[in-house]
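The values are calculated or read from the model by the stated rules, or taken from the named source; none is laboratory data. Computed from a prediction, not measured in an experiment: that's the story for all the values here. Ideal geometry is used to build each Cβ from the backbone, glycine not excepted, and the neighbour counts take in all protein chains shown.
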Amino acid sequence: MAETRTGDTTATNVASQTSQRGLTPIEASVTVPNDSKTSKGKTTIANSVVAKIVGIAAREIDGVKAVVGTGAGATISGLATRVTRGDTRSQGVSVEVGEREAAASINIIAYYGVSIPQLADAIRRNIIDRVESMTGLSVVAVDIAIIDLYFEEDEKEEEEPRVH
């Protein structure tokens, strides 16, 4: 394993992979240092846990239709997860986690008509709040990609039976 030094954080990257921010990829976990002098052990948080927190926090915001992956790999992965009834809360989310910091990227489908800058700001604030309060990690960046718009009229048209 390779170590990457970024500022005052050190991240150990799986299979010598490096990231843009010097943080670990989603398959790894991080041991969170305890600030308490009475600690009797260590706390380890899997990166997949941080990814789930990010996905759930984004879905809590009005104006978000879905959090989705992109590309052929995400399509196959999403189909397999739905068929096996797997957990979809971290789909469309990637995280990089260091010893004390975390960064996230997320792909969103937004409802048509919402203010995208206001939506992105609300998503970002909620993700930062949830991750920091639940993990004790400092969130250094939340990258949001609005990859599609959802039109409620499309859903209404599908519900109406068509008589010919």
Qualifying positions in segment 124-143 - within 12 Å of V50 (Cβ to Cβ) and over 15 Å from the mean Cα position of the chain (by Cα):
G136
Count, please, the residues in segment 70-96 that happen to be modelled with pLDDT of 65 or more and not in a loop (DSSP other than H, G, I, E, B).
4
Under 7 Å between Cβ atoms, at least 6 apart or on separate chains: pull out the pairs that start in segment 43-71 with a residue that is over 23 Å from Y150 (Cα atoms) and among the hydrophobic types (A, V, I, L, M, F, W, C) and end on any residue that is at pLDDT below 95 and in a loop (DSSP other than H, G, I, E, B).
A51/I26; A51/S90
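Might you let me know whether segment 59-69 holds any residue that is more than 18 Å from the chain's Cα centre (by Cα), modelled with pLDDT of 85 or more and outside any helix (DSSP H, G or I)? Show your work before the answer.
Of the residues in segment 59-69, the ones more than 18 Å from the chain's Cα centre (by Cα) are none.
Within segment 59-69, none of the residues are more than 18 Å from the chain's Cα centre (by Cα), modelled with pLDDT of 85 or more and outside any helix (DSSP H, G or I).
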Of the residues that make up segment 115-123, is at least one outside any loop (DSSP other than H, G, I, E, B), at pLDDT below 95 and farther than 16 Å from K52 by Cα?
no
